[in-house]
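As structure tokens, the structure follows; a few thoughts come after it.
The values are calculated or read from the model by the stated rules, or taken from the named source; none is laboratory data. Nothing here was measured: the structure is a model prediction, and the numbers come from that model. Using ideal geometry, Cβ is built from the backbone for each residue, glycine included, and neighbour counts are taken over all protein chains shown.
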Amino acid sequence: MKNGTAKYVRYTNEKGKYTFYVYETPSFPIVLTQKDLLGYTSTGDHDSTGSDPIIERNKILLNSLSEDNYNFADVRKIDIGGINSVAVKPASASILKHTLRLGTPGRVEFNISSNLELETTVYELESDGTLGAEWDSGKILAAGIYDFAVFLSIPGTIEKFSVDGVFIEAVEHWNNSAGMDSDKVIDTVTITNYTLLLSKKVRNVTQVENFVLNNKALPGDVLEYKIIFENNGNHALEDVEIKDYISQHTSFLEKEYSGYDILLEINGNTHYLVSEKNGDLNLDGASIINNKLLIDINSINGDLQPGDSGYILYRVKVNE
């Protein structure tokens, strides 16, 4: 609470009711500001029915002496659980399974996108793991945990050995106010022939984290991506060009590895590559075209023999 230049801090519990008094002559406006705990948000405040941004929803201005009651009305934030990393063939299909946790009643709609523009449909997920009805974004849901699945349809014309992120955002429109909340997750989809195994991980360099399937970052943070590959078949692979889309809202970083842009390791041998923007002019097997990283494994290593494995490292910076 601020009263002129005076500032007072009180730590409250979840369901507390507090009364405060201002002695002598108050300095208006008196400003009450609530700072939410991690995982909570505020809705239904007294002057905007939850339609203001959260920073305003968490603020109450008193311009005169009052004995009225004011309510910040905390609720749990929406949360998507589960991270998927799947390998699929062209002209096939796959299912990404997730859980959805709601702390307050409301209706939920999904926004799904990918660089490869895969065709997607959201379904309810039955208790036995099978697909149920198509998700109804107009249905009011009670607080609780819900299972859902994103059905992916993979076209036959899609490029093999591509790595893509499927961005899944759940937006809840609260039933008790005009406010809303959202959460998102990124699943990894690799297009392969099942002979070449591909996976992708990421770590936050700025926050000194380890490699995981998915993480969160702040503007200005540096992320490092690791694409792992292995020939799991019985025959040599002659045409392996690994493709990875540079994540949205990030900038590719150059000269991060001993003065080079990309580190490639195959069977313990390290190669340093330059990511040229107008094609592979120096013939080192690496380039970036239309925001897509291309690594021609065969031009660097020759045929990828059974059991051969390695990884690619590159870094980006989250735009500020």
*Picking from Phe167, Phe148, which residue would you name as being surrounded by 15 or more Cβ atoms within 10 Å (Cβ to Cβ), assigned to a strand (DSSP E or B) and at pLDDT 95 or above?*
Phe148
*closer than 22 Å to Val189 by Cβ and in the same structural domain as Ser199 (by TED's automatic domain parsing), is that true of Ser247?*
yes
*Which one of these is out of contact with any helix residue (DSSP H, G or I) (no Cβ under 9 Å at 6 or more places or on another chain), closer than 19 Å to Asp164 by Cα and not acidic (Asp, Glu): Tyr245, Tyr272?*
Tyr245
*Answer yes or no as to whether Leu264 is on the phi < 0 side of the Ramachandran plot, among the hydrophobic types (A, V, I, L, M, F, W, C) and buried (at least 16 other Cβ atoms within 10 Å of the Cβ).*
yes
*Of all residues in segment 104-141 being surrounded by fewer than 19 Cβ atoms within 10 Å (Cβ to Cβ), touching an Asp or Glu at 6+ places or on another chain (Cβ under 6 Å) and assigned to a strand (DSSP E or B), which is modelled with the lowest pLDDT?*
Ser114
_Selected residue [in contact with a Ser or Thr (Cβ under 8 Å, 6 or more places away or on another chain) and modelled with pLDDT of 95 or more] from Leu264, Leu293_ = Leu264
*Scan segment 221-230 and give yes if some residue there is under 16 Å from the mean Cα position of the chain (by Cα), among the charged types (D, E, K, R) and outside the structural domain of Asp164 (by TED's automatic domain parsing), otherwise no.*
yes
*Asn175 buried (at least 17 other Cβ atoms within 10 Å of the Cβ), more than 30 Å from Lys255 (Cβ to Cβ) and of a type outside the set (Asp, Glu)*: no
*For segment 255-284, name all the residues that are part of a loop (DSSP other than H, G, I, E, B) and farther than 18 Å from Lys226 by Cβ.*
Lys255, Gly259, Val274, Lys277, Asn278, Gly279, Asp280, Leu281, Asn282, Leu283, Asp284
*Sort through Val205, Val240 and tell me the only one that's surrounded by 15 or more Cβ atoms within 10 Å (Cβ to Cβ) and over 16 Å from Tyr314 (Cα atoms).*
Val240
*Looking at this structure, is Glu209 in the same structural domain as Leu131 (by TED's automatic domain parsing), closer than 28 Å to Ile78 by Cβ and without any contact (Cβ under 8 Å) to a residue 60 or more places away in the chain?*
no
